[in-house]
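A.B. asks: Quick one: structure below, then a few questions.
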Amino acid sequence: MKIKITLLLSVFFSISAFAQDNAYDLLRDKTETKILYDRVFGISNASEKRKADITSNYFLQVYHEIQRADFLQRLPKLEKLREEASLGKVQNLVPLSILVADFETINPAATDNGDLFLNANNQFQLKPNVQNAFQKHSVNLISPLLLKAKSNQVSFILKDEFIFNTTSRIIQNIAFQTNGEESWKTISINTPFEINFSTNGKQPVNCKIQFTNGEVLLQSFTIHIDIQNSSVANRNSNNYQPNAITTITATIPYQGFGEAAPYLGQGEYEIFPDTVDGILDKPVFIVDGFDPGDSNTIPTFYAGLTYGVGQNLADYLRTQGFDIILVNFPTYTRPNSTTVVDGGVDFIQRNAFVLVEIINQINAQKIGNQKNVIIGPSMGGLISRYALRYMEMNALNHDTRLYISFDSPHQGANVPIGFQHLFNYMAYGPLGNVAVQPVVDGLIKSPAARQMLIDHMEGHLQTGSTFEFNTDATSLLPTGAPNFRNAFQNELNAMGFPTTVRNVSISNGASNGTMNYSPNFEVMNHTFNVTATQRAIINLRFTPAANQTNQVSRFRGQQFVVVVWVTGFESLANSKAPTSTDGLDTAPGGRFDMSGFEADLGTDPLLTEFFTNLNADYFTFIPTWSSMAISNTNNLYSPVNGSSVTPFVASSIPTVNENHVTLNENNVTFALNEIINGVLTTTNPAFETLWIKNPVSNMIEINTSYAIDNATISVTDMLGKTIYTTRNQTISGSLEIPVNLSKGVYLITIGNENGSVNKKIVKE
């Protein structure tokens, strides 16, 4: 008992020993493998052998822990594997990697009996001639470095430089076997090979590693097959080659902060011709927004334009004679280099210059004199706004009549600062959670995120630290990323909005001040038992009410020593709200659905437990104040009304907060009215004065002050399906048409050789 009390006092005296890099240095020469797993917080629990369902996240986590636990530093840092994965994604070639290593953990008995103790320098030390102080383990893994593949025919490659072996065992042969096959196929090093998968979802691949000493290891890895194609309904064959995506390089370079030179951006677009005549004459550009890793490819982008039950905005516009141009910013390799650029989160200006080039190309191809419509969802609204205004300011003809901003962050976006602190600490602090790193890199550390986030973690970091926050009272107010946020917003404000187009807005945030949860809401208070001797305690809150301060994030990593839990890692973040408004996290605005995080992070058990124990399902991503670019108040919670100063001449704003870039019947009807009526309404007074009684019953009543002869009248639903049509009608004064309609919203088109008009009708 005396020994345990002495050890316990020593541990409490040096509570931070677990977090010190040199705490285990005196044990180095006592180990056989020179890899001591206790040096890291073992999220992967690598000592528990795993032979099936090896994913890239699991492999990278084990690798990252073994690499950091190795006293001899024989393995390259994780960044080398990340770079190879990024290149593989661009090249449509999935890289494989092998890790063979023996390592040790401290035998708990050595702690219990006092053979291991903490000396006066806060270093672990063994008594002389101690035996069995360590337990030996081994890890033997093969895995892809990418979590997903976007085709059912996947090309893999195993390069010799990604076979990592810290043992004396020599690999003789490596083979694979897919489900349903009996034979094994040898993997030739540095030579690509293909595996065909028949369905979407997680697909297992069996692997066999043979060593020259006769040892044979069997294991299986999984890769998620996410087959994406461009099979969109109602595409006509035409000279624009449906299913053909055009890659484009900008002609205007941009040099972002921290870059050594200006670079030309790359993008891609696909034309979806109308289903009336197939002629490119009425372009509607829809520009992709914030998209780390290009998960929203053009096929998924098109499918994402759905609303209601099976309705699609692009489908309907094509039935009305409009041609859809989807603009995407993919991941690509910069020419003459190995630099991989994640286009979906690149500098907004560089992507805007890509859009400038696409607009120029489409204008050169289109037939007739109809002007363009540009719709910008999310960050796509900023890209579109910048491109249009840049063209105006530089005497470039964008030939555009309508700009629709769709829940775009004209005054900034928000990711809770507590989440930023926690995720960054988990990813790049002592834990080194590799599954969280891509989220941090894209959602927080990317150029676009740094430009848009109103409150950014880099404005709160302690000097010299990449993950510890300042807790000083003067460092708690929202502040953007240094050199990014203010510079971008000032440039955007100076440019203003396009002046030769009609600027309208769709917001997903509530207009009446309705909050997303409430300030200081407790998002999480949970203990995660990582292993029998390691656990993490996480506390999260949303930002506080106006002029209040609270703790928004706290992480504690604890080790069980003798009879108590001892905190070895701890980090926290505090926040203060301005005097003019309650905190960002709960303001009225388009919501970020946190299930999106979970989908991107894979099936890591710790992260699954994290999302299961969240008390909130979403947070405010784009405040209504920002999507409406309101300039006469800094109170994010103020209702939007007639006194609100906004650059938009018309808008669609709900009274409840909706998920970010959600399409529904109300905002789609608004968009269609702006797009269709704006181009089809003529100066013919007969059509200018025509009006229709709403709501309709079983009779559509049409009224006009002029006579309209030989009129064609058609009624379509929001899917573009024709419900009623009649020709050679004469409308003089008024006309009643008996039509049996179900409850819903419809469009009625009335026209003759002198013009036409579209009107919305509602059956209640």
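The values are calculated or read from the model by the stated rules, or taken from the named source; none is laboratory data. These numbers come from a predicted model, not from an experiment. Note: ideal-geometry Cβ built from the backbone for every residue, glycine included; neighbour counts use all protein chains shown.
A.B. asks: Give me the pairs, please: first residue somewhere in the stretch 407-426 and farther than 16 Å from residue 470 by Cβ, second residue anywhere and part of a loop (DSSP other than H, G, I, E, B) and not hydrophobic (A, V, I, L, M, F, W, C), beta-carbon distance under 7 Å, and either six or more positions apart or on two chains.
C.D. replies: Between residues of the stretch 407-426 that are farther than 16 Å from residue 470 by Cβ and residues that are part of a loop (DSSP other than H, G, I, E, B) and not hydrophobic (A, V, I, L, M, F, W, C), the close pairs are 407/378; 407/507; 407/508; 407/660; 408/378; 414/455; 416/543; 426/433.
A.B. asks: State which residue is surrounded by the fewest Cβ atoms within 10 Å (Cβ to Cβ) when the search covers only the stretch 494-514 and only residues that are touching a His at 6+ places or on another chain (Cβ under 9 Å) and either over 23 Å from residue 659 (Cα atoms) or of a type in the set (Asp, Glu) (or both).
C.D. replies: 500
A.B. asks: A follow-up question, please. Taking residue 290 as meeting all but one of (1) out of contact with any Ser or Thr (no Cβ under 6 Å at 6 or more places or on another chain); (2) in a loop (DSSP other than H, G, I, E, B), write down the number of the exception.
C.D. replies: Checking residue 290 against (1) out of contact with any Ser or Thr (no Cβ under 6 Å at 6 or more places or on another chain); (2) in a loop (DSSP other than H, G, I, E, B), the one that fails is (1).
A.B. asks: Right, next: With the requirement that a residue be more than 15 Å from residue 140 (Cβ to Cβ) and part of a helix (DSSP H, G or I), what does the stretch 34-64 give you?
C.D. replies: 37, 38, 39, 56, 57, 60, 61, 64 - these are the residues of the stretch 34-64 that are more than 15 Å from residue 140 (Cβ to Cβ) and part of a helix (DSSP H, G or I).
A.B. asks: Name the residue that is nearest to residue 584 (Cα to Cα), counting only residues in the stretch 467-490 that are without any contact (Cβ under 8 Å) to a residue 40 or more places away in the chain and surrounded by 13 or more Cβ atoms within 10 Å (Cβ to Cβ).
C.D. replies: 479
A.B. asks: So, of the residues in the stretch 562-579 that are surrounded by fewer than 20 Cβ atoms within 10 Å (Cβ to Cβ) and aliphatic (A, V, I, L, M), which turns out to be farthest from residue 532 (Cα to Cα)?
C.D. replies: 572
A.B. asks: Please work out which residue is surrounded by the fewest Cβ atoms within 10 Å (Cβ to Cβ), limiting yourself to the stretch 639-689 and to residues that are at pLDDT below 95, among the small types (Gly, Ala, Ser) and in a helix (DSSP H, G or I).
C.D. replies: Looking at the filtered set, the residue picked out is 678.
A.B. asks: Which one of the conditions (1) under 26 Å from residue 662 (Cα atoms); (2) touching a helix residue (DSSP H, G or I) at 6+ places or on another chain (Cβ under 6 Å) does residue 435 fail to meet, given that it meets all the rest?
C.D. replies: Here residue 435 clears every test but (1).
A.B. asks: Related question: For the stretch 168-180, indicate whether the set of residues that are touching a residue at least 40 places away in the same chain (Cβ under 8 Å) and either closer than 19 Å to residue 153 by Cα or touching an Asp or Glu at 6+ places or on another chain (Cβ under 6 Å) (or both) is non-empty.
C.D. replies: As a first pass, look at the stretch 168-180 and keep what is touching a residue at least 40 places away in the same chain (Cβ under 8 Å): 169-172, 174.
Filter once more, keeping what is either closer than 19 Å to residue 153 by Cα or touching an Asp or Glu at 6+ places or on another chain (Cβ under 6 Å) (or both): none.
Looking for residues that are touching a residue at least 40 places away in the same chain (Cβ under 8 Å) and either closer than 19 Å to residue 153 by Cα or touching an Asp or Glu at 6+ places or on another chain (Cβ under 6 Å) (or both), one finds none in the stretch 168-180, hence no.
A.B. asks: Say we look at the stretch 52-87 and pick out the residues that are touching a Pro at 6+ places or on another chain (Cβ under 9 Å) and loosely packed, with under 14 Cβ neighbours inside 10 Å; which of these is farthest from residue 208 (Cα to Cα)?
C.D. replies: Across the stretch 52-87, the extreme among qualifying residues is 53.
A.B. asks: Mind checking which residues of the stretch 336-394 are out of contact with any helix residue (DSSP H, G or I) (no Cβ under 7 Å at 6 or more places or on another chain), over 23 Å from residue 489 (Cα atoms) and in a loop (DSSP other than H, G, I, E, B)?
C.D. replies: 336, 337, 339, 366, 367, 368, 369, 371
A.B. asks: Here's another thing I want to ask about it. Looking at (1) within 25 Å of the chain's Cα centre (by Cα); (2) modelled with pLDDT of 95 or more; (3) surrounded by fewer than 19 Cβ atoms within 10 Å (Cβ to Cβ), which is the one condition that is false for residue 360?
C.D. replies: Against the list (1) within 25 Å of the chain's Cα centre (by Cα); (2) modelled with pLDDT of 95 or more; (3) surrounded by fewer than 19 Cβ atoms within 10 Å (Cβ to Cβ), residue 360 comes up short only on (1).
A.B. asks: I would also like to ask the following. What is the residue count in the stretch 100-128 for residues that are among the polar types (S, T, N, Q), more than 30 Å from residue 216 (Cβ to Cβ) and at pLDDT 90 or above?
C.D. replies: Of the residues in that region, 1 qualify.
A.B. asks: Can I ask one more? Given the conditions (1) in a helix (DSSP H, G or I); (2) within 30 Å of residue 330 (Cα to Cα), which single one is not true for residue 96?
C.D. replies: Single failed check for residue 96: (1).
A.B. asks: Does residue 319 qualify as being surrounded by fewer than 23 Cβ atoms within 10 Å (Cβ to Cβ), within 24 Å of the chain's Cα centre (by Cα) and either more than 18 Å from residue 377 (Cβ to Cβ) or not charged (D, E, K, R) (or both)?
C.D. replies: Values: surrounded by fewer than 23 Cβ atoms within 10 Å (Cβ to Cβ): yes; within 24 Å of the chain's Cα centre (by Cα): no; either more than 18 Å from residue 377 (Cβ to Cβ) or not charged (D, E, K, R) (or both): yes.
For residue 319, the condition - surrounded by fewer than 23 Cβ atoms within 10 Å (Cβ to Cβ), within 24 Å of the chain's Cα centre (by Cα) and either more than 18 Å from residue 377 (Cβ to Cβ) or not charged (D, E, K, R) (or both) - is not met.
A.B. asks: Kindly indicate the residue of the stretch 515-532 that is surrounded by 17 or more Cβ atoms within 10 Å (Cβ to Cβ) and in a loop (DSSP other than H, G, I, E, B) and also modelled with the lowest pLDDT among those meeting that condition.
C.D. replies: Checking each candidate, the answer is 530.
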